[in-house]
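Here the structure comes first, spelled out in structure tokens, and everything after it is commentary.
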Amino acid sequence: MQLDAILRAQVPGFSLFRRNSSLTANPTTQGVTLRDFGPSGAGRTLVLLDGIPLNDPFAGYVLWSQVPVASIDSVLVIPGGGAGLFGNAALAGTIFLHSKPLTGNAGYADVIAGDRDTYEAAVSGAIVHGTLAAALFAERFSTSGYPVLEASQRGPVDNKASADSDVLDFRGQWQIDRDNSLHIEARRFDDERGNGTTLTGNDTAGEDLSAV
């Protein structure tokens, strides 16, 4: 399940720009508001992953498929304006995503399958040795989708609205001493959508590298 679907089910007022799931929405309509009043640029919410903004700096949307759900430890939602503390991207609230801490060896695997050639697979693992720790998270989602138009309205150019996404996230940690540590994260993601015809589609890919 995508992260936005989990938040929609548990956070009152949570909505994307077009109110449909990120599984079918174009990435540019995946912005978010916490006020449930017709999401738009004026109702944007700042989304932070370990303090780093995930919102597109120009349009405000969030590509939810770039965050492996298995890598998240907790979510803190602060509704209401927070521009004074977090900047003008937090006009409608702030969502803090906290990654799982690297405190011990762990492993996880999950596979879900459904109709319309739909499946989702997630695996993760963490290793801690002395002052060094590393973790790897990987997720893949794929579906052949569904027809956008009724059978009587389809032409030769029309097909199904499909979706495929992959994300690979690596994290490393070095506890230098009691008060100092080094954290490194590298993430690569790819999100490809078919929008209902052979001539329309979108593909979003990105790579992130951070060190703290």
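None of the figures in this text is laboratory data; all of them are computed from the coordinates on show. Values in this document were obtained by computation on a predicted structure and should not be read as measured data. Backbone-built Cβ (ideal geometry, glycine too); neighbour counts: all protein chains shown.
General remarks:
- Sequence-ordered 3J(HN,Hα) estimates for region 124-135 from the Karplus curve with 6.51, -1.76 and 1.60 and θ = phi - 60° stand at 7, x, 9, 10, 10, 9, x, 8, 10, 8, 8, 9 Hz, glycine and proline given as x.
- Convex hull (Cα only) mean projected area of the chain, reported in nm² to one decimal: 13.4 nm²
- Ranking of Leu136, Leu102 by count of other Cβ atoms within 10 Å, fewest first: Leu136, Leu102
- Put in line by how crowded their Cβ is, counting other Cβ atoms within 10 Å and starting with the fewest, Ile52, Ile176 read Ile176, Ile52.
- Net length gained if the chain between Ala205 and Asn105 were fully extended (0.36 nm per residue, minus Cα distance): 33.0 nm
- Difference of contour (0.36 nm per residue) and Cα-Cα distance, Gln153 to Ala134: 1.6 nm
- From least to most packed, judged by other beta carbons within 10 angstrom and beginning with the fewest, Arg154, Arg178 follow the order Arg178, Arg154.
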